[in-house]
Amino acid sequence: MAVDLFERPTRQGSSPGQQPGRGSKQRERRWRVTARLEDRGRPSRSLVVALVLACLSLMTLDSAAGDSSPVEPVRRAVGEVLGPIEVGAAAVVRPFVAVPSWFRTHGDLRGEIGDLQAENARLRTEVNTADYDRNRLREYDGLTRAAEDLGYSLVPARVVGLGPAQSFSSTVTIDAGSQSGLRPDMTVLNNDGLVGRVVRVTRTTATVLLIVDADSVVGGRVGSSMELGSVEGRGQLGSTGRLDLELIDSSEVPNRDDAVVTWGSEGGAPYVAGVPIGRVTAVYSSLRETAQRAVVEPYVDFAALDLVGVVVPSGTASDRAVIEADGSVR
Amino acid sequence: MNPGRTVAAVLAVVAALVLQLTVFSHVSWAGVVPNLVLLVVVATGLVRGAQPAMVLGFVAGVLLDLAPPADHVAGRWALALVVVGYVAGRVRQDVRPTAGSVVATVAASSFVGTSVFALTGIVLQDPALGVGEVLQVVAIGVFWDVLLTPFVLPLVMGTFRRLEPARATA
């Protein structure tokens, strides 16, 4: 009814004067409609105030109380409902994501083999030529072996949702939750290195804060000199995502390509020790800052995260296969 | 409130949210994905005016604040999408929106929405970020949203319009 009334005057306007007798009636009706539509377009002042106040009080509730925020149970409840939907949607989408890789040509693959061979040769030269490098590698290997010896197991999980960069936080959802033995403050890694830590779990999903997030701080250790420092994210995802390493000893200058591994916290929460984080690509020092600031390129490609492992204590009960420290699957 | 329309609007928001988090994360550009939830709110504003759009914006924003990967202070997207609902709903209601005006509304809404979200982040110091990075994200966001407009807006607006006569006679 309303649509009819509102379209008639336009038609009337395109052929004026054809029905002069009904013109005044038309205009009258149009006025009424326009007035109603304007009413419809303008929201009532009380509603605007109510909605804005609701937003502000929600923010105050959530930001003032921190981790014990009253919003946290609601967040969890929403996660319990939306988590399985996200897992389902990701399972549907996963086969289609692989489609572009079917169309890679023979020449493409040949080129990649050439690149890999060249890289292999370069790495072999690096390892063989310098004693210094060899020492560094031994130390680095020792650290990773130490992590294996800690007796932790890994729960495998897949990334099902990625927080949009519009939210300015780098978080992902994984498809393992408290049913799989996950709890907040557990280390998440993949076969390249450290991914992040679990901040929140529901029954079937968990939210992971990536180390590239601007809020993330990881205790780091330079593999060659054993120097300690803190690794902070910059909030940038993708191939340009970098981390900043600030060493406690400001006189220490890390070398280019030095490996940075996690320092580790007591009890392995939130980060277990010895997980590779990235390599140093540049070092900056300024007169204003007392500390050196090294730029670290993470080993993990955060734009293409898929399979990750969550570090759980050995013997954790889980609804899925757990990879034990010795490599066996339970 | 017509229950059929309310259910349709909430379903559209949930579908947009899940698509945005799981499907479009595979095609993200520097982590920025098309903000489908915002597009649904804009469509509501264009078809049904500011008041329903603001209410839907609030609901959609709270969902976006609480759905799993989100880790920022709750209420920030809610405020941003309430403002988006207001902006989109204030576009002239007495003429059917043309393609140009829809695209302009989407671009303006996307810019305003992401900016309001970033501004609340600066006020609350949620993550400490530089202006340059924020502007880059806002720009890519506007690009994505405008790119997706021809595919999403006609569909959502058409659905809402089809449900509209039921409301007029009720």
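Throughout, read-outs are computed from the coordinates displayed, never taken from laboratory work. Note that the coordinates shown come from a computational prediction; the quantities given were computed from them, not determined experimentally. All Cβ positions, even for glycine, are placed from backbone atoms using ideal geometry, and neighbour counts span all protein chains on display.
In terms of the mean number of neighbouring beta-carbon atoms within 10 Å, the peptides B:48-55, B:143-150, A:81-88 order highest first as B:48-55, A:81-88, B:143-150. Cβ-Cβ distance of A:Ala121 and A:Asp192, R₀ of 25 Å, FRET efficiency by 1/(1 + (r/R0)^6): the value works out to about 0.75.
When only the Cβ of Lys, Arg, Asp and Glu is charged (+1, +1, -1, -1), the dipole of region B:3-169 relative to its Cα centre reaches about 680 debye. Each of B:Ile122, B:Ile140, A:Ile277 has some number of other Cβ atoms within 10 Å of its Cβ, and from fewest to most they run B:Ile122, B:Ile140, A:Ile277. Taking all Cα pairs closer than 8 Å and separated by 6 or more residues, the relative contact order of region B:3-169 comes to 26 percent.
A viscosity of 0.890 mPa s and a temperature of 25 °C, combined with the Kirkwood radius over C-alpha pairs in the Stokes-Einstein formula, give region B:60-147 a diffusion coefficient of 177 µm²/s.
Once the chain from A:Ser250 to A:Asp306 is taken as fully extended at 0.36 nm per residue, the excess over their C-alpha distance is 16.5 nm.
Peptide B:27-36 shows a mean partner chain C-beta count of 5 within 10 Å per residue C-beta. Dividing the convex hull volume of the alpha carbon atoms of region B:3-169 by its residue count gives 105 Å³ per residue.
When +1 charges are put on Lys and Arg Cβ atoms and -1 charges on Asp and Glu Cβ atoms, the dipole computed for region A:157-216 relative to its Cα centre reaches about 220 debye. For the residues B:Val134, B:Val83, B:Val42, a GNM of chain B with alpha-carbon springs under 10 Å puts the largest fluctuation on B:Val134. Amide H contacts of A:Trp263 (H built 1.01 Å from N, in plane; Pro and chain starts excluded): A:Gly219, A:Gly220, A:Arg221, A:Gly274 sit under 5 Å, all sequence-distant by 5 or more or on other chains.
Considering only B:Thr98, B:Thr159, B:Thr114, the mean-square fluctuation computed in a Gaussian network model of chain B, springs between alpha carbons under 10 angstrom, is largest for B:Thr98.
Estimated from helical segments only, the mean residue ellipticity of chain B at 222 nm is -25500 deg cm²/dmol, where each DSSP H run of four or more residues counts as -39500 (n - 2.57).
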